[in-house]
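Here's the structure, in structure tokens; my notes come after.
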Amino acid sequence: VQLVESGGGLVQAGDSLRLSCAASGRTFSGYRMGWFRQAPGKEREFVAVLVSSGITRYADSVQGRFTISRDNAKNTLYLQMNSLKPEDTAVYYCAATLMGSWSNSFSTSGYDYWGQGTLVTVSS
């Protein structure tokens with residue numbers, strides 16, 4: 001599967017932004033999908049995950065502010081980001097896998113496919 005993110009940009013603290021991740025392939029609905037981010041000089045970190053059953057999980061740092069969702073008819077994953085903070089500044093990546101267990105959902109090693117990333121910059 002190929003993943004292409006879009007929707008990043010420069011916003012001010014408190015603003016909202018919605019990221020999209022367009023996926024190729026017919027089995028999109030069966031994939032476990034995740035969002036990760038990588039700030040300058042830091043490791044890539046987990047943001048949110050959505051499995052095919054609809055179960056979601058978020059990093060503590062974004063809980064209550066970010067929402068992950070998918071439109072299987074459009075083969076697209078979304079990340080709605082509200083109340084953005086300067087510390088949310090990062091390159092955001094979507095990721096997908098058909099394999100592995102739930103416990104691997106929060107690590108980069110748990111995903112087989114990655115997009116190229118989209119930059120989100122939040123100014124104070």
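The values are calculated or read from the model by the stated rules, or taken from the named source; none is laboratory data. All values reported here derive from a predicted model rather than from experimental measurement. Methodologically, a virtual Cβ is constructed for each residue, glycine included, from the backbone with ideal geometry; neighbour enumeration extends over all protein chains shown. With ligands, DNA and RNA removed, areas are computed over all heavy atoms of the protein, side chains included. Shrake-Rupley method; radii C 1.70, N 1.55, O 1.52, S 1.80 Å.
Counting just the residues of segment 23-61 that are under 17 Å from MET81 (Cβ atoms) and over 13 Å from the mean Cα position of the chain (by Cα), which one comes out surrounded by the fewest Cβ atoms within 10 Å (Cβ to Cβ)? Ranking the qualifying residues of segment 23-61, first place goes to ASP60. Taking the criterion of being open to solvent by 80 Å² or more (accessible area, probe 1.4 Å) and either farther than 16 Å from GLU45 by Cα or of a type in the set (Phe, Trp, Tyr) (or both), the residues of segment 86-103 that qualify are LEU98, MET99, TRP102. Would you confirm whether or not segment 62-70 contains a residue that is in contact (Cβ under 8 Å) with a residue 12 or more places away in the chain, crowded, with 22+ Cβ neighbours inside 10 Å, out of contact with any helix residue (DSSP H, G or I) (no Cβ under 6 Å at 6 or more places or on another chain) and assigned to a loop (DSSP other than H, G, I, E, B)? Within segment 62-70, one or more residues are in contact (Cβ under 8 Å) with a residue 12 or more places away in the chain, crowded, with 22+ Cβ neighbours inside 10 Å, out of contact with any helix residue (DSSP H, G or I) (no Cβ under 6 Å at 6 or more places or on another chain) and assigned to a loop (DSSP other than H, G, I, E, B). Residue selection: GLN80 satisfies the criterion of being open to solvent by 50 Å² or more (accessible area, probe 1.4 Å) and within 11 Å of the chain's Cα centre (by Cα).
Candidates in segment 107-124 are the residues that are surrounded by 15 or more Cβ atoms within 10 Å (Cβ to Cβ) and of a type in the set (Gly, Ala, Ser); of these, the one that is modelled with the lowest pLDDT is GLY110. Out of the residues in segment 76-106 meeting the condition of being at pLDDT below 95 and part of a loop (DSSP other than H, G, I, E, B), tell me which one is farthest from ARG26 (Cα to Cα). It comes out as SER101. Just to verify a result, which residue in segment 1-22, among those that are under 16 Å from LEU79 (Cα atoms) and in contact with a Phe, Trp or Tyr (Cβ under 7 Å, 6 or more places away or on another chain), is surrounded by the fewest Cβ atoms within 10 Å (Cβ to Cβ)? By that ranking, first place goes to ARG18.
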